[in-house]
Each structure stands twice: as structure tokens, then as C-alpha cells.
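Each remark here refers to the structure printed beneath this line.
The values are calculated or read from the model by the stated rules, or taken from the named source; none is laboratory data. Owing to the predicted nature of the structure, the values given are computational and were not obtained by experimental measurement. Don't worry about glycine lacking a Cβ; one is built from the backbone with ideal geometry, like all the others, and counts go over all protein chains shown.
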Amino acid sequence: MKTLIKNGRVITAVDDYHADIFVDGETVATIGKTLDMEADRVIDAAGKLVIPGGIDPHTHMELPFGGTYSSDDFFTGTRAAAFGGTTTIIDFAVQTKGESMTSGVDAWHKKAEGKTCIDYGFHLITTEFEDGDEKEMYSLIDEGISSFKLFMAYPGVFLADDATIFRAMSAAGQRGGLICMHAENGIVINEIIKRFLADGRTAPKYHALTRPTIAEAEGVHRAIAIAEMAESPVYIVHLSCTDALNQVRQARDRGIPAFAETCPQYLFHSIDDYGDGWEGAKYVMTPPLREKHNHAELWKGLKMDDLQVISTDHCPFCMKEQKELGLGDFSKIPNGAPGVENRMNLIYNGGVVEQRISLNRFVELTSTAAAKMFGLFPKKGTIAVGSDADIVIFNPDTEHTFGVEAEHMNVDYSSYEGWKVKGKVETVLSRGRVVIENGEHKGKAGDGQFLKRGECVKA
């Protein structure tokens, strides 16, 4: 299949120019002015932005959690991602306690096989790491799984002690692997939760009030300190607040290879959204939503490169039957929210339209930086000759409204119901194939390929 994209304004993390793009098969073959190649299909992108497909490095499809599973599987979740202009996800496989790391990866391969609509890779959530486990870690790195997630939260489920974290960081750093840290002081948080429940404070809003920003900041500080001792880089996932951001800033100012992502929910929502009633369960996620004053500092961090990536932590649970597991006890509400379909449009509107970031930085935050961080660049994350033709035709002038009826995530609510934004994904190519056009999915389950990733960012 040969496709010619004409008259577009091409935006990458470093470029801004008008050109035509000729796609031959799965890759970009030629970029130039007024190209006149024979093509099976010509797409007129006049007046549109032509940008690299988004990369979301933090999703949880079909994740077992809190007695249920996240409501999107690898078909519905990746189809929704494509509608939102994301052409690559990196999901989190899970090592079950007592099982090998490889068994966790194998289980996720089975979940994804034949279902994905876009390309995908895996991180691995590891719950155990003893001396000698580096051999299995290095085998997985050789197989293209070069990043691993550990938790300082969820005692009895995911929590890893500091010794485990140190061993994993030391091993990963020696082979171009990267440790992703969920950084919160989960031990203390659990004690606070016990006190709140004993006092009868059970509504969803108390999920946020039992997870103070200082608990996240302490976790971030400790994760960076352990990484420094291990002589390894570290990547902080879903950073939500100024207190935690300041820990990253201070480390980076000292030359420590500390990196971090944030998510749209922490840029646009706030603790006020919980309210006093059950509807606040929509926003039960970890870390929780924070006070509004954090928004400006997070945007500043994104602009100044103290934060490198915007992911989603897409982990949806329906209000009916799933979130309802926590009626009368906020600690039993499955933690997570939808977002994989909304990210690109939200960040364009809130970042570019509202003049918080440039167009180039928008592309960097939603695509290029993740590709470089997790061993996918330049195959992914840019528009260049030889790169995969993951391309989004984006209309900067179209206005549209978010809402559950118009979205494609397998969940019964929208976190952004009724929000009006400027800018919309119109056409999406994944490895040269048009998968989204005129509001319709043109692809099928199984179109996506597993991505064998290279070394991650180094210290």
C-alpha cells in the first residue's frame, strides 16, 4: 500500500514545516515539497497538522485489581487509543507472587495476542527480586522488555521493600533497563486509611484525604535516593503534585538521572471533583486528585523538562458493579480511571491552545520522549524517512465535546463529560494503514504488532 499525504504542516519534536509525505508499505519513504508519486491513496492534509502517532507508555488493559478486572481488554482499549490519536501503548504485565517474571510476560502475551488494533509493548510489574534474578531480567531485556515497575504502595499485593527495589535497580542499570516506580509511602497510608474507616469516614473523597502529597513526595525522594545508590536511572510514574515534583527537580539539578511522567487527570481535575457523594468514585485513582494549585507547577515542570512524558495510567472500571464494590468503604473501590482516548486532544487544547507549551513540546510530551525513554526511537515517535508510518492528521480548528456516548472506551462514564476542546484527531495511520477515518475504525483486531524494545534511557 502506497499513500501520499499532501499539503500538511509537519510537526515533530524539533521540526515545523510544510511538506508532502510518501508512505511505502509500513514506513515513511520520502518527505519533500510537492511530491508527485504514484500512490494507491492520496490524503489532502491542507490546513491540518501532521504529527507522529501518540505513544502512551502507561496503560493497564484487563488488569486484575480489587476483585475485578479493568474494563478495557486489548481490543477495546487499543481501538479507543487509536480513535484518540495514539498508535503505540506500553502496557504493564504482572508477575504474580511466587511465579517467575517470564510467566507474567507470557500471560500478557496471551491477553494481547490477536486483539490489538495498534502496536504495543510491555513493561513488567515485578513483586519479587532476589539475588540471581538478574539472569531472568536480562533474558527479558533481550526479548525486548526493557523496563520494570515496582511499587512502594499496596502492601500485601504489589509493595516491594527497599532492598528489593535496590537489587532490581542495580541489575537493570547494568543492562540498559529502567525501573518505573510507583512512589508513595503505602505502609503509612494504610495506617491512615484504618483510622479514617474506624471513624466512619467512608465516602470516596476520603481516598484522596488518606493519601497526602507528603506521602508521595517521601516515596519519590526515597526512590531517587535508592536509584542514586544503585547507580541507575529511575522513572517516576503518574506524578501528581508539586511536593513530589520538587523532589525530581532537586535531583535533576544535581545531575541525577531521575525522570517522571504525569497524566491529564492531574493537569485538569482536582480534589474538588470528589464532592461529598458517591459520584466521586469516578475519580478514585492512585495517586488521587490534588488541589488545583498543583496544576500550574505541573505545567511548568512539563515546559521546563522536569517532567518528560504525559501518559494516562488508563485503568478503567465501570461505576456499575465494579466501582460499586466500594460502596460504604472507599478502600474497596477499584483504583483507576479511563483516559487513553482523551489524552492527545486534552493536551493539545490545554497545552497548545492555552499557550502553556509549544506545538513541538506537545509532540515531544505525547510521543517522542516516550519513544526515546523506552527504546522505541526512531522507529516510533517521529516522522522521518525510515520510521514507521504512525501518523496522525490533526485538525487544529475543529471543536468537539467529550462524552461517554461519543467515546470508545469500554466504561460507563467519561472523566471529561461535556468538556469542549479545540483540536481533533481526524485520520490515523498505523504502520502505513489507515485505522481511523471520518470517525470510524477501519482496522481490525490483530493489526497491532508486539514491539521488541531496545535499551531504555541511560544514566
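Values as computed for the structure displayed
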quantity: Check on G432, in contact with a Phe, Trp or Tyr (Cβ under 6 Å, 6 or more places away or on another chain) and touching a residue at least 40 places away in the same chain (Cβ under 8 Å); calculated: no
quantity: Failed criterion for Q449 (all others in (1) in contact (Cβ under 8 Å) with a residue 60 or more places away in the chain; (2) polar (S, T, N, Q); (3) farther than 30 Å from A172 by Cα hold); calculated: (3)
quantity: Any hit, the stretch 109-127, residues being charged (D, E, K, R), assigned to a strand (DSSP E or B) and closer than 20 Å to V234 by Cα; calculated: no
quantity: Selection from the stretch 76-108 of residues that are part of a helix (DSSP H, G or I) and either within 17 Å of T427 (Cβ to Cβ) or touching a residue at least 24 places away in the same chain (Cβ under 8 Å) (or both); calculated: T76, G77, T78, R79, A80, A81, A82, F83, M101, T102, V105
quantity: Subset of the stretch 60-75 [part of a loop (DSSP other than H, G, I, E, B) and either at negative phi or hydroxyl-bearing (S, T, Y) (or both)]; calculated: H60, M61, L63, S70, S71, D72, D73
quantity: Strands (runs of 3 or more DSSP E) contained in the stretch 10-59 and holding at least 1 residues of a type in the set (A, V, I, L, M, F, W, C) and closer than 15 Å to T382 by Cβ; calculated: 16-24, 27-32, 49-52, 54-59
quantity: Candidate set from the stretch 173-187 (those that are among the aliphatic types (A, V, I, L, M) and surrounded by 16 or more Cβ atoms within 10 Å (Cβ to Cβ)); member that is nearest to the chain's Cα centre (by Cα); calculated: M181
quantity: Conditions (1) of a type in the set (A, V, I, L, M); (2) in contact (Cβ under 8 Å) with a residue 40 or more places away in the chain; (3) touching a Phe, Trp or Tyr at 6+ places or on another chain (Cβ under 8 Å): number failed by L35; calculated: (2)
quantity: Selection from the stretch 303-326 of residues that are within 19 Å of V248 (Cα to Cα) and in contact with a strand residue (DSSP E or B) (Cβ under 7 Å, 6 or more places away or on another chain); calculated: L307, Q308, V309, I310, S311
quantity: Top-ranked residue of the stretch 113-138 - restricted to ones that are surrounded by 23 or more Cβ atoms within 10 Å (Cβ to Cβ) and polar (S, T, N, Q), ranked as modelled with the highest pLDDT; calculated: T116
quantity: Selection from the stretch 132-156 of residues that are touching a residue at least 24 places away in the same chain (Cβ under 8 Å) and assigned to a loop (DSSP other than H, G, I, E, B); calculated: D133, E143, G144, I145, S146, M152, A153, Y154, P155
quantity: Out of V428, V435, V421, sole residue that is buried (at least 16 other Cβ atoms within 10 Å of the Cβ), within 30 Å of F22 (Cα to Cα) and out of contact with any Cys (no Cβ under 7 Å at 6 or more places or on another chain); calculated: V428
quantity: Pairs with Cβ under 9 Å, 6+ apart, first in the stretch 323-337 and free of Cβ contacts under 8 Å to residues at least 60 places away in the same chain, second surrounded by 15 or more Cβ atoms within 10 Å (Cβ to Cβ) and assigned to a helix (DSSP H, G or I); calculated: K323/W278; K323/A281; K323/K282; E324/W278; E324/A281; L327/W278; L327/A281
quantity: Of all residues making up the stretch 1-57, the number that are small (G, A, S) and surrounded by fewer than 16 Cβ atoms within 10 Å (Cβ to Cβ); calculated: 4
quantity: Residue match in the stretch 195-204 (condition: touching a Pro at 6+ places or on another chain (Cβ under 9 Å) and surrounded by fewer than 21 Cβ atoms within 10 Å (Cβ to Cβ)); calculated: no
